[in-house]
Amino acid sequence: MATKKEESISMLDAFKDFTQDKNIDRTTLVSVLEESFRNVIAKIFGSDENFDVIVNPDKGDFEIYRNRMVVANGEVADENKEIALSDAQKIEADYEIGEEVSERVDFAKFGRRAILNLRQTLASKVLELVHDSLYNKYKDRVGQVISGEVYQVWKREVLLVDDENNELILPKSEQIPNDQYHKGETIRAVIHQVTNENNNPKIILSRTSPVFLERLLEAEVPEIADGLITVKRIARMPGERAKIAVESYDERIDPVGACVGVKGSRVHGIVRELNNENIDVINYTANTKLFIQRALSPAKISSINIDEENHKAEVYLQPEEVSLAIGRGGLNIKLASMLTQYTIDVFREVAENEADEDIYLDEFSDEIDQWVIDSIKAIGLDTARQVLNAPREMLVEKADLEEETVDHLLNVLKAEFEN
């Protein structure tokens, strides 16, 4: 069975190893160990002022000395700070009144309670140091890309560790859909958020943030890293598609070509990293109409009406271009709206003779429920032609109608003009 002294020394060895793993410097460790010993001493003797604590964390040992003043026999007022002449001379025969006696103290003799107290104090202070070290390491690195090893996969988050075994969190909301993680593999993500609530730091990572895509571009495109090309805006539907607006102040540089690379060589690696997320790169412009036109590519736009105050745009296209503008599942128009920061409504162009032959929706109240007509009118469509020229997806989404309801509405309106 280990002695109390052996237990306390081995405990220091354990803390030495632990703090070395966490990269706590020697000076700080010595300070923490000394403070912890002094806290225990103060609890036992009422004061630690007359004690010298010498800690050697490299060897895992320590020494404690108590300094007391020699007083005449029978005149000891404070046994912690004073020692009778006869007792002092038992230590060394030539001690005299008024001299100071420095006596080594065996910490093990303080008892198991003192050792437990020291262990708890050390654990608390070292944990506090570790938390401070982790927070200080990451607090100024938000927006940087980091690699981490997958340590544990849970339903709501993935736990990773960095090269110093610090814990990093990748929440489900910040994971690219269909990403698969396996214990031991290395993945990349951007440092999204660093919190330190109640001195409990949390490093939150993201693979869905537009910043992650921007940092990957910087790594692949030297012109961006060198400042020759600027990434103005990014819109992402993680794992599906992204649109990036870039600009160059050097007329000799084609920003789109530089970002894409020869035969897409520069974006191929990024696409793989983002789980085959398609990436569209366009030239940025301060001309709102032109920017919206580029953002809706590959659709070709006939005309645009801009409402700058409300950040809305009405886009008119030939019928065959409408599906291109909207994209599969409405993805293209959603990304274009995110990129341009304008609400974009798409309409089919109407021939003049068709516009003359129009009918107000209220006239269909005998075939269409009035609440459906009211829902359509609430989004700014008052006539049959306007409804027929609006994309079906827009009617479903903006009027908040069931697809079957919209299909019935369109069939009724189409039948009127066919007749």
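The values are calculated or read from the model by the stated rules, or taken from the named source; none is laboratory data. Just so we're clear, the structure is a prediction, and the values are computed from it rather than from any experiment. Neighbour counts are summed over all protein chains in view; Cβ atoms, including those assigned to glycine, are modelled from backbone coordinates with ideal geometry. Heavy atoms of the whole protein, side chains included, go into the accessibility calculation; ligands, DNA and RNA do not. Shrake-Rupley method; radii C 1.70, N 1.55, O 1.52, S 1.80 Å.
Beyond 29 Å in Cα-Cα separation lie the following of the pairs Lys109/Lys137; Lys202/Lys398; Lys183/Lys232; Lys172/Lys377; Lys125/Lys172; Lys232/Lys334: Lys109/Lys137; Lys202/Lys398; Lys183/Lys232; Lys172/Lys377; Lys125/Lys172. Which one is right for this structure if percent of Cα pairs over 36 Å apart is calculated from it: (1) 56; (2) 34; (3) 27? The value computed from this structure is option (1).
Surface composition of the chain: carbon plus sulfur atoms contribute 44% of the solvent-accessible area (1.4 Å probe, protein chains only, all chains present). Around the Cα centre of the stretch 103-200, unit charges on the Cβ atoms of Lys, Arg, Asp and Glu (plus for the first two, minus for the last two) sum to a dipole of about 480 debye. In the chain, the longest principal axis of the Cα atoms and the axis of helix 403-418 are about 20 degrees apart. Between helix 112-138 and the chain there is an angle of about 40 degrees, using the helix long axis and the longest principal axis of the Cα atoms.
Once all protein chains are placed together, Glu197 keeps about 140 Å² accessible to a 1.4 angstrom probe.
Counting 0.36 nm for each residue step from Leu290 to Ala72 and taking away their Cα separation leaves a gain of 68.6 nm.
What fraction of the Cα pairs in the stretch 323-393, stated in percent, has a spacing above 16 angstrom? Looking at the stretch 323-393, the distances longer than 16 Å represent 58 percent of pairs. Build a GNM of the chain with springs between Cα atoms under 10 Å apart, and of Arg113, Arg348, Arg272 the one that fluctuates most is Arg113.
For the chain, the solvent-accessible area works out to 56 Å² per residue, with a probe of 1.4 Å and every protein chain left in place. Against the main long axis of the alpha-carbon atoms of the chain, helix 4-21 sits at an angle near 30°. Here the chain is treated with +1 on each Lys and Arg Cβ and -1 on each Asp and Glu Cβ, and its dipole about the Cα centre works out to around 1520 debye.
In the complete set of protein chains, residue-level accessible area for His311 is approximately 80 Å², probe 1.4 angstrom. Taking Ala295, Ala114, Ala242 in turn, the Gaussian network model of the chain (Cα-Cα springs below 10 Å) assigns the largest fluctuation to Ala114. Of the residues Thr340, Thr27, Thr230, the one with the largest accessible area comes first in the ranking Thr27, Thr230, Thr340, computed with a 1.4 Å probe on protein heavy atoms.
Dividing the helix sum by the residues of the chain, where each DSSP H run of 4 or more adds -39500 (n - 2.57), gives a mean residue ellipticity at 222 nm of -12000 deg cm²/dmol. Taking the DSSP bridge list for the chain and keeping only pairs wholly inside it, about 75 percent are antiparallel. The largest accessible area among Tyr135, Tyr151, Tyr95, Tyr360 belongs to the first residue in Tyr360, Tyr151, Tyr135, Tyr95, and the rest follow in falling order (1.4 Å probe, all chains). For the stretch 184-291, the relative contact order is 21 percent, taking Cα pairs closer than 8 Å that sit 6 or more residues apart in sequence and dividing their mean separation by the residue count.
The share of Cα pairs per 5 Å bin across the stretch 31-162, counted from zero up to the longest distance, runs 2, 8, 13, 14, 12, 10, 9, 7, 6, 5, 3, 3, 3, 3, 1 percent. Pick from Lys312, Lys43, Lys243 the residue whose mean-square fluctuation is largest in a GNM of the chain, springs joining Cα atoms under 10 Å. Among Lys312, Lys43, Lys243, the largest GNM mean-square fluctuation belongs to Lys43. Contact order, relative form, for the stretch 197-255: 24 percent (alpha carbon pairs under 8 Å, 6 or more residues apart, mean separation divided by residue count). Think of the chain as having a plus end and a minus end, set by charges on the Cβ of Lys, Arg, Asp and Glu; of His131, Gly239, Thr383, His131 sits farthest toward the positive end of this dipole. When Val256, Val221 are compared by accessible surface with a 1.4 Å probe, the order from highest to lowest is Val256, Val221.
Taking a straight Cα-Cα cut-off under 13 Å and skipping sequence neighbours fewer than 8 places away in the same chain, the aspartates and glutamates within cross-link reach of Lys289 are Asp307, Glu308, Glu314.
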